[in-house]
Structure formats: C-alpha cells, structure tokens
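See structure below.
The values are calculated or read from the model by the stated rules, or taken from the named source; none is laboratory data. Quick caveat, the model's predicted, so the values are computed rather than measured. Don't worry about glycine lacking a Cβ; one is built from the backbone with ideal geometry, like all the others, and counts go over all protein chains shown.
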C-alpha cells in the first residue's frame, strides 16, 4: 500500500543520508590527517636544518664531526630514557615510589617478602603549610601516627623508611602465618591463634620421637615490629614426655627464631620428624 | 534439654532461609553429618525446625551451644542489625601483643564481676574478627536470649563495632569490659552508624577505594568508544561538561564501590539567613533544623547525582566527606567562614 511505499522511501532516504554523513566525516578526517602530516614534515625539516647547522658550526670551528659536549637530540633522549628506567628500577627494588600532586606528594610503598611481591600502601601528603598526612591506606594496626609524630616533620626519608620497615615486616609475618595454615595444616593440631599484626602466634603441633607422637605447644612472640622473625619462641611439651624431647624443643625454638616459619616446617617434613 | 533452649533453637532455625539451613547446621558442627542427613530440608520450615530441635535434644544441647548457632546466623546476616562504631584510646605507645586467650578471660571476668546472670560467647573468624555475643540478665532473672548485644572487634585496632540491644543500660558495663580486656584507656561512641557492618569496617579501616595518584600501571577506564546511537548525525552537545563531571566524580569518590550506609543526618544550628526586610523571626536565634538523607545505598546515590544532572559537580564537601571523616551524623553550627564547625578530626 501507500504507507508501505512511503516507509520504503523513508528508509532509503535515511540510509542515503547516513552514508553521506559517513563519507563527509571520512573526508574531513582525511583532510585533518593530511594537514597533520604536513605539520610534522615541516617540523622534521626544521629540526634537520638545526642539526645540520650545529654540525656545520662544529666543522667550521674544530673540524670534528661531533662535539661531545653538545650531544645530539637523539643521544639526549636516549640518556633520559635510560635514567628514567634506572629510577623506575630503583623504585621497584626499594618499594617506595612517589608522584607529585597539586598539593604535595603521593607515596606508594610496595611490600615484598622473600621475592614475593605483596600489598601496596599509599600515603597522600600535603606539603603546605607543613608536611601532614591527608589520607592513606595503611592498615589501622600499624602505628602510623606514632611514626609520623617522630619523623614526618624532620626527616621524611626516615619516616618513609621506618614505615616501610613496619609494613614489610607485617606482611612478612602474615605471609609466613598464611603459608603455615595453607601448606602445613596437617602438622598443626587445632587452630592457629594469631592477631591482626601477626606478632603473636600460638599453636600446637606434633613431633614424633621413638615412634610415638607428642604434642608441642608453641608461643611465638615477634617483639620487634620491624622484624619478621620471632624474638621469643617458647615451646612446651606435656609433663610426661621423655627427656630427649626437651632437646628437640630447644632445637626447634632456635630454628623458629632463625628461619621463616613455613621453611622451618618444610625442614620438619623433609627430615621425617 | 531445657524447654527454653529448645524454643530458642527452634526460633533461630526459623529465621534462617530454607536453602541456608543445612550449610549453617554443618558450620555449627553440633549435629553430626549423619544426623543432618536425616532431616528433610524440603518440608515446611516449621517442620524442619522441629526436626532440628529433636536432634539437638538427642545431643542434649545447652544454651551455650545454641548461642553459637545464633552467632553464626548473625555473622552471615549482620545487616539485619544496626551497628554503631566506638573508638578506644590508649595511653602508652608500646607495641601491642594481643593474646586472644587473655582477652577473653579479662572480658568475661570484668563482665561477670558486675553481673552474674549473663551469657557470653566468643567466636573467631579468618579475618581476625572476634565476635562476642552477650545475653543480659539481672540478679533475679536469667539472661534474655532474645535481646542480645553483639560486639565485633579486630585485635590491635582502636575500633569496636557494637550492635546493642534495647537494653542500653548495659552499654557502660560492656564498654568498660572491652576497654579492660583490650588494654585501652577509654572508649567513646563515634557518630557513625549503619546496617552494613562491612561498610563500617571499610570506612574506619580505610579499605574503601581512595583514588591515589600513582605511577602504578592501571588499566585505563573504558570510555564510550562505541557510539550508542546508530545515527551519527546526533552530536553530544555537553560532552566537555559531562567529562568534567566524570573526572570530578572520580577524584572525589574513587573508582571502586562505595561503603554502604543508609542515612546521613545533619543537625543545623545555624542562623536563618533571610532578606532583612522579610524579618521572619522575632528573635535572632539559631534556626534548629534536622536534615536527614536516606537511601538503600546513600554514597552510591550521591555519586550518581552529578552524572544524572540532578546536582552540580563538585558536590558539597559536607556530603562527600562521610567516608574520610568516618561519620554520618553531623552538627553544623555557625562559623565565621563558609566551613561548618564541629567536625571531629579523624
């Protein structure tokens, strides 16, 4: 009918209009790009001329092709990139990086433990009127305010270093406790008692001696907040245990204070204890 | 088994959604797997709960074990209660070595020394959260198991989350016990309340997404690359404005999900500013007014106000400071500048 015909015409007109619009846009884009190419060619020519002039200038003075005191643009760029890469490498290794913001600096402290990269924490600092922490993502149980009170105003590098030590030690302790629960849950009797800072761990594990198993109760106290090894490792056994066990307890206590927790347990399983 | 315990277990099971009853009973661990298998979980909930009570009867459940089931239920459905945040202060600066056994002992001792009739249960969770359930009684009445207070505490933090029951008279005693057990000096209530416990934790533990500027490579946010309208003759007139609003929004709210709070309350004690000729009030005294914003998810709705065109960007800092100041109850008094007074510094 008429309406169907009208609809058809309308659709055709619409399609044609859209197509026309598209081609117009394409042409516009092409024109813009051509203009840009011209611009860049001009720039290139200018730079080439500059370089040639410099080289001619040198030739005129000393007869050498290049004066090392005035490196080419390319050399400067390469040097810049190298130094930037080196800086980024340092940041990656130390774990502290910063970026200037409108009102101060934003630091990012990345933590790691024995080659495994763990969490990153941020600090947004204001530098005027005095250095202060605007906001941060440091866990609440890390004594940030205490550390800031001591060092933030006077020695910001020290502040970051101390904070980084606290954070790295914390994630290190947490990592060890997590590894213990994940991979050595068979060795542990009952639950592993821990806390937010992971600076006190209490648990029981079994040791075998003379083909019998005995429970050891361990209390690991991490007295130094910047250290991921315990300062105290108290091991107690049941009263009726054989005397050889006391020696083993002393040896284990020493081991826990020297070696990461999960590595200590790995050595237990491998030596077949 | 005590009739009151039976009734309590029956009512607790009735609260649990049908599909969750079996997993929760398994988590509870009081009934054996074999016993749980005997229950038909497809029958009416009334009957399910009767069966469970029967099994508990076989195992002679007491109120302590029934209380554990209640903790598990409240831990999975914490949003059914309203939670307040309390902050504790310490004197010393020494490192804390939080000992859980020590904490529980001190807490129970303090509470029981003041009130003999009280049921106390603890349960620890993977995220270092300690849940405490307290049912309060009086010297002459047994503890009321239906009017319980819940406390959630993360060790070595100064924040405590309390969902007190109607009996607010026991609150000072509860606060005292917490302070003593956790080795702090005092405790006060913050102006921060919500149904969403996890969101309250996000706010005070600063776990919500704050947009920090760093060099860490992040995937660029997806812009509207593909035009939504097929017709290329339609042009976005306000594209610049839209982009400005998006940018400001991201700066203020960050990229991630917002903590979930349901209301913000502003108590105004400011002078009414009217046309001097239209002297509405005879006396020049502060115009007391209470403004309350409610929403199923207040911060998300604030975040979408400017993009939806309902408010100008940037939004008032009174609204956007909620997560950073960790409060959703404000008192605004007259101050010299444009900034409202009486903000508690974090």
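Worth pointing out:
- Only one of B:155, B:163 that is crowded, with 18+ Cβ neighbours inside 10 Å and within 13 Å of another protein chain (Cβ to nearest Cβ): B:155
- From the list A:233, A:264, the one residue that fits, being closer than 21 Å to residue B:96 by Cα, without any contact (Cβ under 8 Å) to a residue 40 or more places away in the chain and in contact with a helix residue (DSSP H, G or I) (Cβ under 7 Å, 6 or more places away or on another chain), is A:233.
- All conditions in (1) touching a helix residue (DSSP H, G or I) at 6+ places or on another chain (Cβ under 6 Å); (2) modelled with pLDDT under 90; (3) surrounded by fewer than 19 Cβ atoms within 10 Å (Cβ to Cβ) hold for residue B:229, with the sole exception of (1).
- Subset of segment A:104-117 (residues that are surrounded by fewer than 16 Cβ atoms within 10 Å (Cβ to Cβ) and in a strand (DSSP E or B)): A:116, A:117
One line per residue, one yes/no per condition, for (1) crowded, with 19+ Cβ neighbours inside 10 Å; (2) within 14 Å of chain B (Cβ to nearest Cβ):
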residue: A:185; (1), (2): no, yes
residue: A:189; (1), (2): no, no
residue: A:193; (1), (2): no, yes
residue: A:197; (1), (2): yes, yes
residue: A:204; (1), (2): no, yes
residue: A:207; (1), (2): yes, no
residue: A:214; (1), (2): no, no
residue: A:235; (1), (2): yes, no
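- Residue within segment B:277-287 that is modelled with pLDDT of 80 or more, under 34 Å from the mean Cα position of the chain (by Cα) and either part of a strand (DSSP E or B) or exposed (fewer than 15 other Cβ atoms within 10 Å of the Cβ) (or both) present: no
- Counting the residues of segment B:103-138 that are within 10 Å of chain A (Cβ to nearest Cβ) and touching a residue at least 40 places away in the same chain (Cβ under 8 Å) gives 1.
- Segment B:91-102 residues that are more than 10 Å from chain A (Cβ to nearest Cβ), paired with ones that are surrounded by fewer than 14 Cβ atoms within 10 Å (Cβ to Cβ) and in a loop (DSSP other than H, G, I, E, B) (beta carbon under 8 Å, 6 or more apart): B:91/B:185
- In the set (1) at pLDDT below 90; (2) within 30 Å of the chain's Cα centre (by Cα), the condition left unmet by residue A:178 is number (1).
- Verdict on residue B:146 being more than 12 Å from chain A (Cβ to nearest Cβ) and closer than 28 Å to residue B:206 by Cα: no
- Any hit, segment A:127-141, residues being under 29 Å from residue A:221 (Cβ atoms), assigned to a helix (DSSP H, G or I) and facing another protein chain (nearest Cβ under 10 Å): no
- Residue within segment A:243-258 that is outside any loop (DSSP other than H, G, I, E, B), over 23 Å from the mean Cα position of the chain (by Cα), within 14 Å of another protein chain (Cβ to nearest Cβ) and surrounded by 18 or more Cβ atoms within 10 Å (Cβ to Cβ) present: no
- Among the conditions (1) exposed (fewer than 15 other Cβ atoms within 10 Å of the Cβ); (2) modelled with pLDDT of 85 or more, the only one that residue B:255 does not satisfy is (2).
- Here residue B:83 fulfils each of the conditions (1) surrounded by fewer than 18 Cβ atoms within 10 Å (Cβ to Cβ); (2) in contact with a helix residue (DSSP H, G or I) (Cβ under 7 Å, 6 or more places away or on another chain); (3) closer than 27 Å to residue B:262 by Cα apart from (1).
- For segment A:156-170, the criterion of being more than 25 Å from residue A:127 (Cα to Cα), assigned to a helix (DSSP H, G or I), touching a strand residue (DSSP E or B) at 6+ places or on another chain (Cβ under 6 Å) and touching a residue at least 24 places away in the same chain (Cβ under 8 Å) is satisfied by at least one residue.
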